[in-house]
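Each remark here refers to the structure printed beneath this line.
The values are calculated or read from the model by the stated rules, or taken from the named source; none is laboratory data. Since the model is a prediction, treat every value here as computed from it, not as a measurement. Here the Cβ positions follow ideal geometry from the backbone for every residue, glycine too, while neighbour counts run over all protein chains shown. Protein only, heavy atoms only, side chains kept; ligands, DNA and RNA dropped before computing areas. Shrake-Rupley method; radii C 1.70, N 1.55, O 1.52, S 1.80 Å.
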Amino acid sequence: MTIGLVGRKCGMTRVFTDAGVTVPVTVVEALPNRISQVKTDKTDGYRAVQVTLGARRPSRVPKALAGHFAKANVAAGYTSQEFRLNKDEGESLAAGGELKVDMFTVGQVVAVTGTTVGKGFAGTMKRHNFAGGMKTHGNSVSHRAPGSIGQRQTPGRVFKGKRMSGHMGVKNRTIDNLRIVEVDVNRNLLLISGAIPGSEGGRVIIRPSLKAASQARRKRLAPNKAPVAAKGAAGKGASKSDKK
């Protein structure tokens, strides 16, 4: 897993390129993420960096968490997030440091994780995109009905996971292959092309896209070339076919 930033979704707007093309973007405010702990294989069994965001009164923080922040000499925050580290990353990170928006560049492909907007109790057509029943031919009260949900006496029950009506939204979702259009270091803002999950003011996590990195590696690999037959062998084969 790559190191990312925890931010807040501010809303959507648009920017214009030099060619006059409008690009819809989502504005994310990513205040400096303070490093509260750097975990290692020796002490914790795995490598990770733990960050906190925002400001919180010490009286509102549990004593155990307040001691954790005090040990790292970091101001208490209202949220914490942990990013796993690979063997070759995070060597320069230390408790008390900060991660800022300048770790991203314009044009970089990122993946954004957020909590989707809650829709409450929804029917099958809205929740699962069902087509619904017939509109005519005697159908009068079953236009949006889910239809049959079970089988016969065997198995005599409804299978788990059946797509039915229920609570919709409030799920963690990740949108990949989004591109950073602009980085505002002075105001701690990231302008990301397209829409990201969550409502305005919701917490989001921005990471470099692993999918884009793997695709770039595949493009750099040269394809295997088929062995080329020797000129002498090709000439002998042609001469034999001519004789026949």
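Calculate the length of the line joining the C-alpha centroid of the range 21-43 to that of the range 167-214, in whole Å.
10
Given the whole protein assembly as supplied and a 1.4 Å probe, what does the accessible area of H128 come to in Å², nearest 10?
Spelled out: H128, probe radius 1.4 Å, area about 50 Å².
What is the spread of the Cα atoms of the range 99-214 along each of their three principal axes, largest first, in whole Å?
63, 31, 23
Hey, with R₀ at 41 Å, roughly what FRET efficiency would E89 and S59 work out to, going by the Cβ-Cβ distance, to 0.05?
0.65
How large is log10 of I(q)/I(0) for the chain at q = 0.10, 0.12, 0.14 Å⁻¹ when the intensity is taken from the Debye formula with one equal scatterer per alpha-carbon?
Debye output, listed in q order: -0.73, -0.88, -1.04.
Which residues make up the longest stretch of the chain clear of chymotrypsin sites (Phe, Trp or Tyr not before Pro) that lie in a DSSP loop with no more than 15 other Cβ atoms within 10 Å, not counting the sites?
The longest such stretch corresponds to 160-244.
At R144 and K160, where each label point lies 7 Å from the Cα along Cα→Cβ, what is the point-to-point distance in nanometres?
Each label point is offset 7 Å from its Cα along the Cβ direction, giving 3.1 nm.
Which whole-number percent gives the relative contact order of the range 52-153, counting Cα pairs below 8 Å spaced six or more residues apart?
17
Placing unit charges on C-beta atoms (Lys and Arg positive, Asp and Glu negative, everything else neutral), compute the dipole magnitude of the chain about its Cα centre in debye, rounded to 20.
Approximately 1440 debye in magnitude.
Along the range 87-96, what does the Karplus equation 6.51 cos²θ - 1.76 cosθ + 1.60 (θ = phi - 60°) give for ³J(HN,Hα), rounded to whole Hz, x for Gly and Pro?
Per-residue couplings from phi come out as 5, 9, 9, x, 5, 8, 7, 8, 4, x Hz.
Going from most exposed to least, what order do T17, T52, T154, T136 have by accessible area with a 1.4 Å probe?
Order by accessible area, largest first: T154, T136, T17, T52.
Please list, in order along the range 8-25, the HN-Hα scalar couplings obtained from phi with the Karplus expression 6.51 cos²θ - 1.76 cosθ + 1.60 (θ = phi - 60°), rounded to whole Hz, x for Gly and Pro.
Computed from phi, the couplings for the range 8-25 are 10, 6, 9, x, 10, 8, 9, 10, 10, 7, 5, 7, x, 8, 8, 10, x, 9 Hz.
Heavy atoms only, probe 1.4 angstrom, no DNA, RNA or ligands counted: give me R127, R152, R60 ranked by accessible area, highest first.
R152, R60, R127
Any number yet on Rg/Rh for the range 1-116, C-alpha, Kirkwood?
1.05
Under 8 Å for C-alpha pairs, at least 6 residues apart: give me the relative contact order for the chain, rounded to a whole percent.
26
Counting only protein chains, not ligands or nucleic acids, how are D176, D102, D184 ordered by accessible area (probe 1.4 Å), most first?
D102, D176, D184
So if R0 is 35 Å, what FRET efficiency would Y46 and E200 give, r being the distance between their Cβ atoms, rounded to the nearest 0.05?
The calculated FRET efficiency here is 0.50.
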